[in-house]
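So the structure is just underneath, and the comments pick up after that.
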Amino acid sequence: MKPHPFLNLQEHLTLSARINYLLAARIPMHSEILSLVLGDAEVFGSEKAVEDGLAFVNFAYKNRLRRLGPLAVLHPLRTAHLLSLVTEQPSEIDLLTAFLHDYYEDIYTPDCSVEIQRELEGRMQRVAGQLIPEQQQQLEYRLRTLTKREDEQYHEYLGRLMEEARYCAEIIWVKLADRLDNTFDMRVVEEDHSPEDCFRELFDILFLRAEVKAYDRPRKVSKAPIDEAHRLFQMFKNVVFLSLVRRSELDQVNLPAQLLFQALAQASLHESGRILMHIFSYDVVDVKKQRQLIFEVMDYSQDGGLNRITAAGRGHRLDGMFEERFDHVDRHKREAALMKLQADKEQMIISALAMLGVFESYISSSTFRLGGVRETGLSHDDTLA
């Protein structure tokens with residue numbers, strides 16, 4: 001199944017620019033912003049409640065910024081837009097869930113004054129006032145479910161979310177849309193490489209280029225606040241999430257889940273390719289070395305290494321990659337591991353190639369899931385010996 005054609009980085013950047021322009025107006029243009037968010041979809045239920053919810057998040061996020069610099073409010077608005085693209089008539093509860101999915105994590109921050117808190121509470125009451133009691137309870141339940149608890153590890157949080165999504169499929173829609181927007185949001189400009197360029201370059205390296213000819217570098221890009229190692233970490237999170245969704249068979253429950261699952265896999269594939277092309281462009285430019293690394297991952301894949309979590313110590317540089325490079329509970333240990341990875345360009349290349357193989361497997365096979373990814377964490381029970 002092909003994802004919706006508008007679920008791509010170019011449309012993401014265009015939508016962001018259009019919403020950002022309306023947000024800059026002197027007079028709030030919430031109805032116009034909502035029209036952009038909905039696209040061709042129509043609200044099933046109270047559009048006034050949805051517009052009030054949009055006004056709430058606009059006020060709540062104020063001038064807060066995302067890691068790369070764009071306004072933070074763009075994230076919940078784009079998440080709702082992605083949801084609208086795959087549902088012809090999203091309900092007011094669906095859209096409010098998308099707007100407010102980070103409510104308990106982002107809104108009431110420690111630096112929030114008493115006056116601002118009162119204003120937020122008043123605005124939230126206006127939103128709730130548009131809903132009947134049952135809808136208010138349903139919205140509260142969804143927001144609580146989507147919030148990671150302080151004592152939860154990432155795998156545990158996703159496992160709880162999967163269990164609740166069996167009874168409320170819309171929860172998985174919002175989480176897929178959330179991860180999809182986070183994946184797009186790792187770049188504020190389009191790089192020179194299209195998604196197809198990655199596989200074309202791999203073919204050229206393997207079959208056409210002479211060993212003495214290095215990769216043709218595109219124009220130089222500015223240094224971004226997020227490096228390639230941290231982008232790979234986000235790809236790891238997508239691998240875990242997609243594996244657990246597929247393990248729970250929640251990607252097959254309805255069309256919105258199928259479309260968003262495929263879109264996230266496609267976006268992750270393309271981002272892994274951008275990471276790879278960036279390193280081939282600026283760091284490891286020798287074609288002979290590039291070819292050697294590609295063959296290394298091809299051999300690993302043919303031995304089944306990309307079908308499951310592998311334990312370290314089996315003799316390959318990719319063995320134990322997920323655990324040693326990414327799966328650290330302690331933030332300081334994870335940052336140290338990512339810093340080490342950023343310095344090891346060859347390891348980054350084979351890691352990006354491995355990610356390409358995993359995401360392509362999700363796209364090409366409706367039953368593929370990475371063995372060893374469980375709600376309790378990464379497991380070696382079904383891994384290669």
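Are there DSSP H segments in the chain that both extend 27 Å or more along their axis (alpha-carbon positions) and score a mean Kyte-Doolittle hydropathy of at least 0.0? List them, or say none.
Working: long enough: 228-247 (28 Å, 0.21); 255-282 (41 Å, 0.57); 345-364 (28 Å, 0.85).
The qualifying helices are 228-247, 255-282, 345-364.
Where a ≥ b ≥ c are the square roots of the eigenvalues of the C-alpha gyration tensor, would you call the range 183-378 rounded, which needs a/c under 1.5, or, failing that, prolate if a/b is larger than b/c, or oblate? Show your work: numbers first, answer last.
On the way: a/c = 1.45, a/b = 1.35, b/c = 1.07.
The shape class here is rounded.
Highest first, please rank the peptides 344-356, 296-308 by the mean number of other Cβ atoms sitting within 10 Å of their residues.
Most protected by this proxy first, the peptides run 344-356, 296-308.
Cβ under 12 Å from residue 249's Cβ, residue 249 left aside: what net charge do those residues give with Lys, Arg +1 and Asp, Glu -1? Mind showing how you got there, number by number?
Details: positive: 166, 246, 247, 369; negative: 251.
With Lys, Arg at +1 and Asp, Glu at -1, the net is +3.
Cα-Cα over 24 Å: which of 289/340; 237/288; 237/340?
Details: 289/340 21 Å; 237/288 32 Å; 237/340 19 Å.
Beyond 24 Å: 237/288.
Would you calculate the separation in nanometres between label points at residue 199 and residue 365, each defined as 7 Å from the Cα along the Cα-to-beta-carbon direction?
For residue 199 paired with residue 365, the spin-label model returns 1.7 nm.
Order these peptides, 146-155, 8-17, by their mean beta-carbon neighbour count within 10 angstrom, highest first. All intermediate terms of the calculation are to be shown ahead of the outcome.
Values: 146-155: 13.8, 8-17: 17.0.
The most tightly packed comes first, giving 8-17, 146-155.
Given H placed 1.01 Å from N in the peptide plane, which residues other than close sequence neighbours of residue 371 have an amide H under 5 Å from its amide H?
308, 309
Note the full-extension length gain between residue 14 and residue 59 as 0.36 nm times their separation in residues minus their Cα-Cα distance, in nm to one decimal.
Details: separation 45, 0.36 × 45 = 16.20 nm, distance 2.27 nm.
Once the chain is fully extended between residue 14 and residue 59, it gains 13.9 nm.
Please compute the length gained on full extension between residue 121 and residue 35, using 0.36 nm multiplied by the number of residues separating them and subtracting their Cα-Cα distance.
Details: separation 86, 0.36 × 86 = 30.96 nm, distance 2.56 nm.
Full extension of this stretch gives 28.4 nm more.
Sort 246, 78 so the one with the fewest other Cβ atoms within 10 Å of its own Cβ comes first. Mind showing how you got there, number by number?
Details: 246 21, 78 25.
The order, fewest Cβ neighbours first, is 246, 78.
What ranking of 111, 227 emerges when the number of other C-beta atoms within 10 Å of each C-beta is taken as an exposure proxy, fewest first?
Values: 111 5, 227 17.
With the sparsest Cβ surroundings first, the list reads 111, 227.
Non-local amide H neighbours of residue 71 (under 5 Å, H modeled in plane, Pro and chain starts lacking H): which ones?
The list, which skips near neighbours in sequence, is 66.
Using a Förster radius of 35 Å, what is the FRET efficiency between residue 288 and residue 311 based on their Cβ-Cβ separation? Nearest 0.05, please. Write down the numbers at each step before the final one.
Working: r = 31 Å, r/R0 = 0.88.
Taking R0 as 35 Å, the efficiency between residue 288 and residue 311 is 0.70.
If you count, for each residue, the other Cβ atoms within 10 Å and average over each peptide, how do 332-343, 171-182, 86-97 line up from highest to lowest? Spell out each step's value before the answer.
Numbers: 332-343: 14.2, 171-182: 24.4, 86-97: 22.7.
Ranking, from highest mean packing down: 171-182, 86-97, 332-343.
How many nm is it between the label spots at residue 44 and residue 163, if each spot is 7 Å from the Cα in line with the beta carbon?
2.8 nm
Per DSSP helix of 4 or more residues, -39500 (n - 2.57); summed, then divided by the residues of the chain. What does that give at 222 nm, rounded to the nearest 500?
Values: 15 runs with 222 residues, N = 385.
Counting only the DSSP helices, I get -19000 deg cm²/dmol.
Rounded if a/c is under 1.5, else prolate if a/b beats b/c, else oblate: with a ≥ b ≥ c from the C-alpha gyration tensor eigenvalues square-rooted, which is the chain? Intermediate results must be reported in sequence, preceding the final value.
Numbers: a/c = 1.95, a/b = 1.61, b/c = 1.21.
In terms of gyration-tensor shape, prolate.
What aspartates and glutamates could a cross-link reach from residue 62, if we take a straight Cα to Cα line under 12 Å and drop same-chain neighbours fewer than 8 places away?
Result set, ordered by chain and number: 106.
Read-outs throughout are calculated quantities, based only on the coordinates presented, and are distinct from any laboratory measurement. All values derive from a computational prediction rather than experimental measurement. Cβ sites come from the backbone with ideal geometry, for glycine too, and all protein chains shown count toward neighbours.
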